[in-house]
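Inspection log for the structure reproduced underneath, given as structure tokens.
The values are calculated or read from the model by the stated rules, or taken from the named source; none is laboratory data. None of these values were measured; they are calculated from a predicted model. Counting neighbours? That spans all protein chains shown, and the Cβs are built from the backbone with ideal geometry, glycine included. Areas reflect the complete protein model, heavy atoms only, side chains present, ligands, DNA and RNA absent. Shrake-Rupley method; radii C 1.70, N 1.55, O 1.52, S 1.80 Å.
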Amino acid sequence: MTRLATSDRIRSAGPLAMRPQQRADYLLRRLTELYPNPPVPLDHKDPYTLLIAVLLSAQCTDVRVNQVTPALFALADNPHAMMQVPVEDIRAIIRPCGLSPRKSAAISELSRILVANHGGQVPADFAPLEALPCVGHKTASVVMAQAFGVPAFPVDTHIHRLATRWHLTTGKNVVQTERDLKKWFPRESWNRLHLQIIYYGREHCSARGCDGKSCLLCRELLD
Ligand code: SF4
């Protein structure tokens, strides 16, 4: 009897015949083949500079953030220094990232809070992180994963779309998608897998005209 390759077995089985766990195991292996060591895309040197970079990345590309942060961090690269910079000066530097009135106010205020309440350090815990201005669960998850190495699964639009296409979630929102992904993938894979899916989505995903099977892994899984 001819032994089928995994991708052929998956194709012949069809997406609905496969258990989600099989799909997840297959994806983890393939994504690790495609992106063995995915780098953190936002330039930073410590938890504080990562937190600021992630905050700036809301509705902005990582490339643009990396163009802006050198000038900002030359001015102030820690909460003590940043809280003394006039908000207008922060705003002028970060303007290319968009939403600059809100983001500059948040950078100034969260720096003040870090000094007042956390000894000038970024807390390595979800609750105090999410209590900071402009820091939601996704931003806190990125900081926990990439600055502190705590397993987390930040879900952005690429990850949400792909998890849905790969039939790993029926989530109508990122909260449910995060819960489902954590269920299918081993905890020790979460931090790297989050980056691997982001890189895959950036390379292959197009919001326009997606039929769910026109790109590499979608085709392997869903044909
Ligand atoms: S088929 Fe392409 S565009 Fe659609 S979800 Fe898959 S990778 Fe993204």
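Can you tell me which residues in region 40-56 are open to solvent by 20 Å² or more (accessible area, probe 1.4 Å) and under 22 Å from I113 (Cβ atoms)?
Quick first cut of region 40-56, residues open to solvent by 20 Å² or more (accessible area, probe 1.4 Å) only: 40-41, 43-47.
H44, K45, D46, P47, listed by residue number.
Does L168 satisfy being open to solvent by less than 10 Å² (accessible area, probe 1.4 Å), modelled with pLDDT of 95 or more and of a type outside the set (G, A, S)?
For L168, the condition - open to solvent by less than 10 Å² (accessible area, probe 1.4 Å), modelled with pLDDT of 95 or more and of a type outside the set (G, A, S) - is not met.
Do you know which residues across region 29-72 are in a helix (DSSP H, G or I) and basic (K, R)?
Let us first name the residues in region 29-72 that are in a helix (DSSP H, G or I), namely 29-34, 47-56, 62-72.
Hits for region 29-72 are R29, R30, R64.
Would you confirm whether or not region 73-88 contains a residue that is closer than 23 Å to D156 by Cβ and crowded, with 17+ Cβ neighbours inside 10 Å? Even if it seems obvious, please write down each step before you answer.
Here is the first cut: in region 73-88, the residues closer than 23 Å to D156 by Cβ are none.
The answer is no, given that none of the residues of region 73-88 is closer than 23 Å to D156 by Cβ and crowded, with 17+ Cβ neighbours inside 10 Å.
Do you know which of the residues in region 175-223 that are open to solvent by less than 10 Å² (accessible area, probe 1.4 Å) and hydroxyl-bearing (S, T, Y) is farthest from the ligand (Cβ to nearest atom)?
T177
Which pairs do you get when a residue that is in contact (Cβ under 8 Å) with a residue 40 or more places away in the chain and farther than 15 Å from C218 by Cα, found in region 22-38, comes within reach of a residue that is in a helix (DSSP H, G or I) and open to solvent by less than 20 Å² (accessible area, probe 1.4 Å), reach meaning Cβ atoms under 8 angstrom, with the pair 6+ apart or on two chains?
Listed pairs, sorted by first residue: T32/Q196; Y35/L195; Y35/Q196; Y35/Y200; P38/L195; P38/Q196; P38/I198.
Taking region 90-121 as the region of interest, how many residues are under 17 Å from T61 (Cα atoms) and outside any helix (DSSP H, G or I)?
Counting residues in region 90-121 that are under 17 Å from T61 (Cα atoms) and outside any helix (DSSP H, G or I) gives 2.
So which pairs qualify, if the first residue must be in region 175-187 and more than 15 Å from Q21 (Cβ to Cβ), the second must be surrounded by 15 or more Cβ atoms within 10 Å (Cβ to Cβ) and of a type in the set (S, T, N, Q), the Cβ gap must be under 7 Å, and the two must be at least 6 apart or on different chains?
Final answer for the pair search is Q176/T169; T177/T169.
For region 144-152, check the following and say yes or no: at least one residue is buried (at least 20 other Cβ atoms within 10 Å of the Cβ), assigned to a helix (DSSP H, G or I) and polar (S, T, N, Q).
Yes, the conditions are met somewhere in region 144-152.
What are the residues in region 108-128 that are touching a residue at least 24 places away in the same chain (Cβ under 8 Å) and on the phi < 0 side of the Ramachandran plot, if any?
The initial filter retains those residues of region 108-128 that are touching a residue at least 24 places away in the same chain (Cβ under 8 Å), namely 108-112, 114-115, 120-122, 124.
Correct list: S108, E109, L110, S111, R112, L114, V115, Q121, V122, A124.
Give the number of residues within region 17-39 that are basic (K, R) and either open to solvent by 40 Å² or more (accessible area, probe 1.4 Å) or in contact with a Ser or Thr (Cβ under 7 Å, 6 or more places away or on another chain) (or both).
Pass one, region 17-39, residues basic (K, R): 19, 23, 29-30.
Still in the list and also either open to solvent by 40 Å² or more (accessible area, probe 1.4 Å) or in contact with a Ser or Thr (Cβ under 7 Å, 6 or more places away or on another chain) (or both): 19, 29.
The qualifying residues number 2.
How many residues are within 19 Å of D43 (Cβ to Cβ) and open to solvent by 70 Å² or more (accessible area, probe 1.4 Å) when one looks only at region 89-113?
Number of matching residues: 1.
Identify the single condition in (1) within 16 Å of the ligand (Cβ to nearest atom); (2) surrounded by fewer than 22 Cβ atoms within 10 Å (Cβ to Cβ); (3) touching a residue at least 24 places away in the same chain (Cβ under 8 Å); (4) not in a loop (DSSP other than H, G, I, E, B) that H160 does not satisfy, given that it satisfies every other one.
Against the list (1) within 16 Å of the ligand (Cβ to nearest atom); (2) surrounded by fewer than 22 Cβ atoms within 10 Å (Cβ to Cβ); (3) touching a residue at least 24 places away in the same chain (Cβ under 8 Å); (4) not in a loop (DSSP other than H, G, I, E, B), H160 comes up short only on (3).
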